[in-house]
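Data first, discussion second: the structure below is written as structure tokens.
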Amino acid sequence: MSDKQIEVYGKNVENMIIRPYEHHAKYYETDQMGIIHHSNYIRWMEEARMDLMNQMGLSYKEMEAMEIISPVLSVSCEYHSMVHFDDVVVIEPKLVKYNGIRMEVEYRMYDKKTGELRTTGRSSHCFLSRSGRPISLKRSYPEIDTKFFEYADQ
């Protein structure tokens, strides 16, 4: 929508400001029709989620160093209007559910110039140990749990 920072989902806490993520559409992301191929939006959602976590102070790389992984359980995407090569898309990720074991993130993608809604999406994730066992961040990593909980739209 704009270069402005956005308030974190109805929470009125000064230090909880998240900047939207921007993606400049590349030529190689287009399909034969000259529009962005549908598979790229899922990649952009992941980029925006990683950026959100970094802004929350939760580097995914640091989490992996702690033997925590967060695989995708499901992903969905609805295409409202086309994105073309050289467009800049503003992606607003929103942590809509979090319980210490799972989280869900919603995404709204807008054209930076016009503000037109391009795409909406959602992804669901869980937390596992490196060996693939489910873990509760609430129990095993309370400092990480607290950060997710602060940003979740409970």
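Figures for the structure shown
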{"item": "Any hit, segment 49-66, residues being touching a strand residue (DSSP E or B) at 6+ places or on another chain (Cβ under 6 Å), surrounded by 13 or more Cβ atoms within 10 Å (Cβ to Cβ), more than 17 Å from residue 153 (Cβ to Cβ) and at pLDDT 95 or above", "result": "yes"}
{"item": "Selection status of residue 85, surrounded by fewer than 17 Cβ atoms within 10 Å (Cβ to Cβ), of a type in the set (Phe, Trp, Tyr) and farther than 27 Å from residue 38 by Cα", "result": "no"}
{"item": "Only listed residue being within 13 Å of the chain's Cα centre (by Cα), at pLDDT 95 or above and exposed (fewer than 14 other Cβ atoms within 10 Å of the Cβ), chosen from 122, 133, 43", "result": "43"}
{"item": "Entirely in segment 69-147, the strands (runs of 3 or more DSSP E) that have 3 or more residues that are in contact (Cβ under 8 Å) with a residue 60 or more places away in the chain and within 24 Å of residue 19 (Cα to Cα)", "result": "88-98, 102-111, 117-126"}
{"item": "Test result for residue 98, of a type in the set (Phe, Trp, Tyr), open to solvent by 40 Å² or more (accessible area, probe 1.4 Å) and either at pLDDT 95 or above or touching a Ser or Thr at 6+ places or on another chain (Cβ under 9 Å) (or both)", "result": "no"}
{"item": "Hits in segment 21-46 (condition: charged (D, E, K, R) and over 11 Å from residue 109 (Cβ atoms))", "result": "26, 29, 31, 43, 46"}
{"item": "Qualifying positions in segment 137-154 - surrounded by 13 or more Cβ atoms within 10 Å (Cβ to Cβ) and hydroxyl-bearing (Ser, Thr, Tyr)", "result": "140, 141, 151"}
{"item": "Near pairs, Cβ below 9 angstrom, 6+ apart or cross-chain, from segment 42-66 (in contact (Cβ under 8 Å) with a residue 12 or more places away in the chain and on the phi > 0 side of the Ramachandran plot) to any residue that is in a loop (DSSP other than H, G, I, E, B) and open to solvent by less than 60 Å² (accessible area, probe 1.4 Å)", "result": "none"}
{"item": "Segment 28-40, residues that are without any contact (Cβ under 8 Å) to a residue 12 or more places away in the chain and open to solvent by 60 Å² or more (accessible area, probe 1.4 Å)", "result": "28, 32, 33, 37"}
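The values are calculated or read from the model by the stated rules, or taken from the named source; none is laboratory data. This one's a predicted model, so the numbers in the text were calculated from it and none came from an experiment. Backbone-built Cβ (ideal geometry, glycine too); neighbour counts: all protein chains shown. For the accessible areas, the whole protein counts, side chains as well, though only heavy atoms, and no ligand, DNA or RNA atoms are used. Shrake-Rupley method; radii C 1.70, N 1.55, O 1.52, S 1.80 Å.
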